[in-house]
1. Which of the residues that make up the stretch 208-243 are over 20 Å from G24 (Cβ atoms) and assigned to a loop (DSSP other than H, G, I, E, B)?
2. State the number of residues belonging to the stretch 60-77 that are over 17 Å from L104 (Cβ atoms) and of a type outside the set (S, T, N, Q).
3. Consider the stretch 191-207. How many of its residues are within 30 Å of R18 (Cβ to Cβ) and at pLDDT below 95?
4. Could you please give the count of residues in the stretch 87-115 that are surrounded by 14 or more Cβ atoms within 10 Å (Cβ to Cβ) and within 30 Å of P241 (Cβ to Cβ)?
5. Check whether at least one residue in the stretch 82-94 is of a type in the set (G, A, S) and over 23 Å from D239 (Cβ atoms), and report yes or no.
6. Just to be sure I understand, how many residues within the stretch 214-229 are touching a residue at least 24 places away in the same chain (Cβ under 8 Å) and either assigned by TED's automatic domain parsing to the domain that holds P73 or closer than 21 Å to G146 by Cα (or both)?
7. Tally up the residues in the stretch 235-261 that are touching a Leu at 6+ places or on another chain (Cβ under 6 Å) and over 29 Å from T68 (Cβ atoms), please.
8. Taking E120 as the residue in question, decide whether it is among the acidic types (D, E), part of a helix (DSSP H, G or I) and in the same structural domain as N153 (by TED's automatic domain parsing).
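The values are calculated or read from the model by the stated rules, or taken from the named source; none is laboratory data. Every value quoted in this text rests on a predicted model; they were computed, and no experiment measured them. Here the Cβ positions follow ideal geometry from the backbone for every residue, glycine too, while neighbour counts run over all protein chains shown.
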Amino acid sequence: MNNNPQPPALLLIGHGSRDADGIGEFHRMAERLFAALPGRLCVSSFLELTEPSLREGVAQLSRRGATTITALPVMLMAAGHIKNDIPAELETIQAEHPEVSITLGTELGVHPALLQAARERIEAGEAAFGSGYSRRDALLLVIGRGSSDPDANSNLAQITRLLWETMGFGWAETAYCAVTPPSVAAALERVHGLNFNYRLVFPYVLFGGRVIQQICTAIGDYRRLHPEIQVAMAPYLNDHPLVVQALIERLRQAEAGQGVMNCPLCQYKEPIIGYEHRYRMPRAGQHHHDA
């Protein structure tokens, strides 16, 4: 009798990007995660824009002898990719590979480890302000990717509120890089009249790419318009050790049957105002945008 059965193989799922630096950051984080999981078959894959695809990732694991696979998305919020695209893709792949059993984990979501990582990134960004700086005189602007799913967008607003209240900033706002308002530029202008000496911008994103480039551009434009205001940008999450810790927890939850998506207002499960047309919509892969 084998008392040490082989653990499920790990299919790590990234979004994918045409930005080589962002993909490099993903792979460095994946290396940290894989090193923390000795004895497992592990493969990285991507939903779009980058190879290998999910299909090729499953095929690689199957060729290496995997019979059970845990698919773990490296994504912060449960929007369309988590709720629709990835499950639809994996259902198709599962039908093509009856020799394996695939379990899908959940998004990272609002997680205590990520809040701690966010606090440390914000503290690193505050160093740019020098002596005399006080959080009570600072406005925190938390930036996310943005989504067509209001449930996912509201999670970022919750994170902003948690960071604001627990860290003691004078004020905080939330903005998004795409799809939903306010944009970074619009948010910076909106808060310009507030009486705070410092603006700290924190990108609540995992990896670099177009999102970080857009944020840097918006900050540069704001500085040129308002040179009297001190503005700094905190580092994004990237491969912070606590991100790896949170991924391992999501992996364990998936394999224990405890991975439940935090989406009580999911537009595919409930008739959410403004999105009633998506209620009970069948899953179908629709991922095609740039990143």
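1. H226, P227, E228, I229, A234
2. Looking only at that region, the number is 3.
3. Result for the stretch 191-207: 0.
4. 16
5. The answer is yes, given that some residue of the stretch 82-94 is of a type in the set (G, A, S) and over 23 Å from D239 (Cβ atoms).
6. Residues flagged as touching a residue at least 24 places away in the same chain (Cβ under 8 Å) and either assigned by TED's automatic domain parsing to the domain that holds P73 or closer than 21 Å to G146 by Cα (or both) within the stretch 214-229 amount to 6.
7. Within the stretch 235-261, residues that are touching a Leu at 6+ places or on another chain (Cβ under 6 Å) and over 29 Å from T68 (Cβ atoms) number 1.
8. When the stated conditions are applied, E120 passes them.
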